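The values are calculated or read from the model by the stated rules, or taken from the named source; none is laboratory data. All of these numbers come straight from a predicted model, not from anything done at the bench. Methodologically, a virtual Cβ is constructed for each residue, glycine included, from the backbone with ideal geometry; neighbour enumeration extends over all protein chains shown. When the accessible area is computed, the model is the full protein with side chains, heavy atoms only, and any ligands, DNA or RNA have been set aside. Shrake-Rupley method; radii C 1.70, N 1.55, O 1.52, S 1.80 Å.
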Amino acid sequence: MKVVKPRGTRDFPPKKMHERNHVRELIESLFVRYNYEEILFPTLEHSQLFMVKSGEEIGEHMYVFQDKGGREVCLRPEATASVCRMFVDSLRDLKKPVKVYYSCPMFRYERPQKGRYREFWQVGVELLGSGGCEADFEVIYLACRSMESLGLEFNLEIGHIGVLRNLMEDLGLDESAQDKVIYYLDTGEEDKLVELVGEQIIVDLVKLEGGREILDKAGSMLVGYDRAQKTIKELSDVVGLLESLSVDYTIDLGMGRGLEYYTGIVFEMRVEGLGAENQVCGGGRYDRLIELFGGPPTPAVGFAFGFDRVLDAMKEQGVVFPERKVDVLVAPVKREVWSEAYKVASRLREDFVVDIDLLNRKLGRILEHGNELGARFAVIVGPKELSRGEVTLRDMASGDQSDVKIEELRERLG
Ligand code: HAM
């Protein structure tokens, strides 16, 4: 019986995993240097967690089912709601701000296509307990530095959901109508948006896109709408910090984001060459989510990379991945010396990546295999040399060979 893997899921052979681990380590080591600490939460959550405020888009695409106890559970479609739940459960007493990161698979029942999977990985950070522009700036800056550390070129787009929400509130649109507007912005269904709001000022505002001058334009457009104006000032403060650290950006006041919990700054990163699914990062501020889950009012901001798309982008932009390296292949010349050869391998494994023949092959075949592995050295173990406490060290590139005392091997391998 042949069983295929579910649509939209993937297997990752060793070479792929090597590349993925390399990239994950680069990103995570940067997060650690910014003093973010790793957390993990269940793959399975109560579906209610994401129904509350994640939005129509996520709700439609969730893997929901009943467990054997009749409870409605889901495979997590994203991490932010889980992190907020976890904050309420176990992180709320930590010193603020709480700075955490995660790297794990998410599940969305979407139509699979290039760059869009049903199981995909996110690597992200959440900064909980700071409501200032410094926190907004830090997460955006960290996302940019992460991309740079991978050698990726990207475009950063910044918006502010609060500008639009405050304006809509002043115009009398209730929360569900506001959510709908933001949903249409995210899906690009502008005609529906116009139909729904009927207010020219909203339609004009969401079209504003460009550099800092956009903020002045929005400012004059919003005269009389004080709360919306105040949020423009918030955006301007973050932009000021980004400019002072030489970060390029585009402002897009029509940025929707597919998730409903955002309350302030939102941002996305896009890369060239990935076709339609070119958004490699999304994030923003969600100041009310923790409270919604029964916690104390706690402002929060974060982002997540679509890790699979980051990898695709690196391939697309010609970033070279380091080869996995095998330092040494140990070659026992006959079965009788295999256990002694294994002892030599074990010692070397304290410092090097070492493989040993496990197929009882002839020396010539073992060396061929060493070449296939890209091993730098072969350590040939024969009975004669062993009786003198020696092995033969072969440089695989040049073919040079010499007998070396076993206790000097480690030094010789460099
Ligand atoms: P999101 O924009 O829904 O935000 O997802 C973040 C990233 O995950 C996207 O930018 C995209 O690169 C990737 N992604 C989304 N769906 C798929 C898919 N089907 N296949 C491959 N990659 C995908 C969030 O999930 C928020 N939790 C981000 C956040 C963290 N906001 C604040 N903190």
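Could you order LYS207, LYS95 so the one with the most accessible surface comes first? Probe is 1.4 Å.
On the way: LYS207 125, LYS95 175 Å².
Order by accessible area, largest first: LYS95, LYS207.
Helical content alone sets the calculated 222 nm signal of the chain at -11500 deg cm²/dmol, taking -39,500 (n - 2.57) per DSSP H segment of four or more residues and averaging over every residue. Label segment 354-401 by shape, choosing from rounded, prolate and oblate, from the square roots a ≥ b ≥ c of the eigenvalues of the Cα gyration tensor; if a/c is under 1.5 it is rounded, and otherwise prolate applies when a/b is larger than b/c, oblate when it is not. Oblate, since a/c reaches 1.5 and b/c is not below a/b. Add +1 for every Lys or Arg and -1 for every Asp or Glu among the other residues with Cβ under 14 Å from the Cβ of LYS334, and state the total. Net charge around LYS334: +1. Measuring nothing but how far apart in sequence close Cα pairs (under 8 Å, 6+ apart) lie, relative to its length, segment 180-273 scores a relative contact order of 40 percent. Annotation for segment 291-372: GluC sites (Glu not before Pro) lying in DSSP loop with at most 13 further Cβ atoms inside 10 Å of their Cβ are GLU323, GLU350. Gain on full extension, evaluated as 0.36 nm per residue between HIS18 and LYS68 minus their Cα-Cα distance, stands at 14.3 nm. Placing dummy labels 7 Å off each Cα toward the beta-carbon, the span from ARG10 to VAL320 is 2.3 nm.
Nearest 0.05, what FRET efficiency do ASN371 and GLU411 give at R0 = 35 Å with Cβ-Cβ as r? Kindly include the intermediate steps, with their values, before the conclusion.
Values: r = 25 Å, r/R0 = 0.70.
Efficiency at R0 = 35 Å is approximately 0.90.
Less than 5 angstrom separates the built amide H of VAL353 from those of ASP327, VAL328, all sequence-distant by 5 or more or on a different chain.
Is the shape of segment 174-294 best called rounded, prolate or oblate, per the rule: a/c under 1.5 gives rounded, else a/b larger than b/c gives prolate, else oblate, with a ≥ b ≥ c the square roots of the Cα gyration tensor eigenvalues? Note, shape of segment 174-294 comes out rounded. In this label model, HIS61 and LEU26 are separated by 2.6 nm, measuring between points 7 Å along each Cα→Cβ vector.
How many percent of DSSP beta bridges within the chain run antiparallel, rounded to 5?
Of those bridges, close to 80 percent are antiparallel.
Counted residue by residue at 0.36 nm each, then reduced by the alpha carbon distance between them, the extension gain from TYR109 to LEU363 reaches 86.3 nm.
What dipole magnitude, in Debye to the nearest 20, does segment 126-234 give about its Cα centre under +1 on Lys/Arg Cβ and -1 on Asp/Glu Cβ?
Numbers: 10 positive and 24 negative charges, 54 e Å.
The dipole magnitude comes to about 260 debye.
Taking 0.36 nm per residue of separation and subtracting the current Cα-Cα distance, fully stretching the chain between GLU153 and GLU169 would add 2.0 nm. Checked against a 31 Å cut-off, the cross-linked pairs LYS15/LYS68; LYS96/LYS315; LYS325/LYS405; LYS53/LYS99; LYS180/LYS230; LYS99/LYS230 give Cα-Cα distances beyond that limit for LYS15/LYS68; LYS96/LYS315.
Mean separation of Cα pairs under 8 Å and 6 or more residues apart, divided by the residue count, gives segment 1-94 a relative contact order of 23 percent. The label point for LEU40 and the one for LEU245, both projected 7 Å from the Cα toward the Cβ, are 2.9 nm apart. Annotation: average projected area of segment 14-60 is 5.4 square nanometres, based on the convex hull of Cα atoms across all directions.
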